[in-house]
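Everything below concerns the one structure shown next.
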Amino acid sequence: MSVFQGAYRAHTNIALIKYWGKANKDLFIPTTSSLSLTLDALYTDSRVTFSSDFDKDVFYLNGQLRNEVETAKISQFLDLFRAEAAVDLKAKVESVNHVPTAAGLASSSSAFSALAAATRSALNLEGQISDQVLSTYARRGSGSATRSIFGGFVEWQKGTRNENSMAVRVDEANWDIGMVIMAINTAEKRVSSREGMAHTLNTSPFYPEWVKQNMIDLDRIKAAIVKQDFQLMGEIAEANAMRMHATTMAADPSFTYFEPETIKAIQVVQDLRATGVLAYYTIDAGPNVKVLCRASQMDEVVAFFKVYFPHMDFIKTTAGPGIQRLDRWEYED
Ligand code: DP6
């Protein structure tokens, strides 16, 4: 019997310059480059075991065996690594999402980067697959996973083909960077990011403008990060998020991820800023609002929000690290 095993942790990331559309949907090549902040508080642990004893792939998420549709996606992803290693062994995949307060904020970004790293390790492919190349594998599970291989601020360079659409480190983000996440609604989203971006790309007349503007926003935010200009970085991130959401409203039929509380939270951020606190919102393919602020002011930000949202869960986080090998698996077998 031959058994190969690897376990890794990867952290979630939140885009400040969004990825919103695929130029090649089979290979997950995006229409634009994007840039994110990896978060310390949210992560996924993944363990992969290949064994000649297994006759099919199985997938456990948070200790529960998942259905065939979900397992098929995992199998396809593992196939990329099986091909590289020239092995035909089936695998058991165990993933555990760590989301401090509310369920539903777990993201495919940490899931597929943790799985990519654990699989590389199990099959002893470290010599063949560098971290940067690993990001091209993670990308094939979910685009945003590309960026979770690294910590801090990370750019996903869109590239032109499978081999060069990859993550690049930008900055450690160790200059008083924080994020407060508001769990407005953690239920399953009505329109997945995958469907939402495809529908927008296909039908929104704003889409070509989005692509052009995104490149400008990306260059500007990278310059702001180099200068550690927090205010400029926040302003660009906030504008970029709204531009993405504007494309969905102009789609045909139109749709939005905003809920009434989302708009209210946007206004609270604006009010907070009027008091002199540097705070900027960003929103992904769902109603939850993430507030970029100084790590040293996160308590102040939460206190301000609590006045308007007394029952809301808030997650405070600083910048997180890239993928990490787990020498011990802390969960039950
Ligand atoms: C709005 O990475 O979830 O969060 O590649 O189809 O799996 P797929 O999509 P996904 O999309 C993320 C979209 C976003 C913006 C971002 O993270 O850049």
> Across the range 60-76, what is the number of residues that are open to solvent by 60 Å² or more (accessible area, probe 1.4 Å) and either in contact with a Lys or Arg (Cβ under 6 Å, 6 or more places away or on another chain) or of a type in the set (A, V, I, L, M, F, W, C) (or both)?
Replying inline: 2
>> I need the full set of residues from the range 13-41 which are more than 8 Å from the ligand (Cβ to nearest atom), touching a strand residue (DSSP E or B) at 6+ places or on another chain (Cβ under 6 Å) and among the polar types (S, T, N, Q), in order please.
In response: THR31, SER33, THR38
> Among ALA285, ALA303, ALA319, which is the only one that is in contact with a strand residue (DSSP E or B) (Cβ under 8 Å, 6 or more places away or on another chain) and small (Gly, Ala, Ser)?
Replying inline: ALA319
> Given the range 84-175, what strands (runs of 3 or more DSSP E) lie entirely inside it while holding 1 or more residues that are at pLDDT 95 or above, away from the ligand (no atom under 14 Å from the Cβ) and out of contact with any Pro (no Cβ under 9 Å at 6 or more places or on another chain)?
Replying inline: 90-98, 166-171
> Counting only residues that are crowded, with 19+ Cβ neighbours inside 10 Å and of a type in the set (S, T, N, Q), which one in the range 161-195 is farthest from SER130 (Cα to Cα)?
Replying inline: SER193
> Does LYS56 fit the bill of being in a strand (DSSP E or B), of a type in the set (Lys, Arg) and without any contact (Cβ under 8 Å) to a residue 60 or more places away in the chain?
Replying inline: no
>> Between ASP57, ASP88, ASP40, ASP79, which is touching a helix residue (DSSP H, G or I) at 6+ places or on another chain (Cβ under 7 Å), open to solvent by 30 Å² or more (accessible area, probe 1.4 Å) and of a type in the set (Asp, Glu)?
In response: ASP88
> Within the range 325-332, can one find any residue that is at pLDDT 95 or above, within 16 Å of the ligand (Cβ to nearest atom) and of a type outside the set (Asp, Glu)?
Replying inline: no
> Residues of the range 289-328 being among the basic types (Lys, Arg) and either open to solvent by less than 10 Å² (accessible area, probe 1.4 Å) or under 16 Å from the mean Cα position of the chain (by Cα) (or both), which ones?
Replying inline: LYS290
> Which one of these is surrounded by fewer than 20 Cβ atoms within 10 Å (Cβ to Cβ), over 22 Å from the mean Cα position of the chain (by Cα) and touching a residue at least 24 places away in the same chain (Cβ under 8 Å): GLN132, GLN128?
Replying inline: GLN128
>> Going residue by residue through the range 276-286, is there one that turns out to be touching an Asp or Glu at 6+ places or on another chain (Cβ under 9 Å) and among the polar types (S, T, N, Q)?
In response: yes
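The values are calculated or read from the model by the stated rules, or taken from the named source; none is laboratory data. All figures in this text were calculated on a predicted structure; none of them were measured in a lab. All Cβ positions, glycine included, derive from the backbone under ideal geometry; neighbour counts span all protein chains shown. Just the protein is used for accessible areas: all its heavy atoms, side chains included, with ligands, DNA and RNA removed. Shrake-Rupley method; radii C 1.70, N 1.55, O 1.52, S 1.80 Å.
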